[in-house]
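Working notes for the structure below.
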Amino acid sequence: MPSFNQAEFLISANRPVQFPPDKGSEVAFAGRSNVGKSSALNAIAGRKSLARTSKTPGRTQLINFFGLPDGDRLVDLPGYGYARVPEAMRKHWRHLMQAYFSQRRSLAGLILVMDVRRPLTEFDRQMLAWSQGVGCPTHILLTKADKLSRGKTTAMLHEVSSAVGGETSVQLFSATKKHGVDQGREALQALLSRQPLGGAR
């Protein structure tokens with residue numbers, strides 16, 4: 001495993017001025033509330049509690065930066081989209097993430113986490129639009145793959161791959177069953193190294 005399991009918390013940013021120095025490479029994890037984003041990040045990093053997990057959707061309300069030994073970073077983006085979150089908070093999150101995508105030259109890639117049962121929501125499409133707008137390569141994790149039959153997950157994999165096009169790679173993933181963790185690590189390493197990604201997995 002690369003040094004992901006040595007990631008250490010750096011800072012939680014509520015405003016762009018709080019972002020760490022814009023150097024090296026960083027990969028951001030994004031996902032609508034309740035899709036298992038923090039669990040996916042923890043599984044790929046090989047750490048049980050690097051990112052906060054909660055039964056309450058939308059718990060990640062700030063941009064959390066984690067440093068790697070070589071100076072690169074993992075970034076946990078807010079997972080807004082839950083009905084109980086106040087609209088003022090949603091607007092703040094949108095403005096914060098717009099600033100993040102437009103300002104961070106060190107942003108080397110985005111790992112977009114979707115529930116395989118409900119992919120390509122409005123949130124997912126907004127994330128894809130932001131990443132494509134700044135030329136940021138994206139890898140999609142279709143999480144909770146253990147919740148559907150193999151035939152249905154394979155069908156969703158092909159459906160999402162066709163919808164997002166060949167420049168975005170897509171894979172099935174289950175943090176609970178550890179399915180797809182190695183592939184996720186490979187994609188994360190490729191993004192941090194600014195290497196090309198593959199297609200559907």
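Of the residues making up the range 176-201, just one is out of contact with any Pro (no Cβ under 8 Å at 6 or more places or on another chain), in a helix (DSSP H, G or I) and over 13 Å from L141 (Cβ atoms), namely L192. Residues in the range 25-44 that are surrounded by fewer than 22 Cβ atoms within 10 Å (Cβ to Cβ) and modelled with pLDDT under 95: S33, N34, S39, N42.
Looking only at residues of the range 45-70 that are touching a strand residue (DSSP E or B) at 6+ places or on another chain (Cβ under 8 Å) and under 16 Å from T143 (Cβ atoms), we find that the one that is modelled with the lowest pLDDT is T60.
Is at least one residue of the range 121-136 in contact with a strand residue (DSSP E or B) (Cβ under 8 Å, 6 or more places away or on another chain), more than 22 Å from D76 (Cα to Cα) and not charged (D, E, K, R)? The answer is no, given that none of the residues of the range 121-136 is in contact with a strand residue (DSSP E or B) (Cβ under 8 Å, 6 or more places away or on another chain), more than 22 Å from D76 (Cα to Cα) and not charged (D, E, K, R). Look at E122 and say whether it is under 16 Å from the mean Cα position of the chain (by Cα), surrounded by fewer than 16 Cβ atoms within 10 Å (Cβ to Cβ) and not basic (K, R). So E122 fits the description; yes.
Can you find, within the range 25-49, the residue that is nearest to Q103 (Cα to Cα) among those that are assigned to a loop (DSSP other than H, G, I, E, B) and in contact with a Lys or Arg (Cβ under 7 Å, 6 or more places away or on another chain)?
If we take residues in the range 25-49 being assigned to a loop (DSSP other than H, G, I, E, B) and in contact with a Lys or Arg (Cβ under 7 Å, 6 or more places away or on another chain), then S25 is nearest to Q103 (Cα to Cα).
I need the full set of residues from the range 161-181 which are within 13 Å of P119 (Cα to Cα) and surrounded by fewer than 20 Cβ atoms within 10 Å (Cβ to Cβ), in order please. Selection gives S161, S162, A163. Taking the stated definitions as given, is A108 of a type in the set (A, V, I, L, M) and surrounded by fewer than 20 Cβ atoms within 10 Å (Cβ to Cβ)? The answer is no for A108.
The values are calculated or read from the model by the stated rules, or taken from the named source; none is laboratory data. Model, not experiment: these values are computed from the prediction. Please note: Cβ atoms are built from the backbone with ideal geometry, for glycine as well, and neighbour counts cover all protein chains shown.
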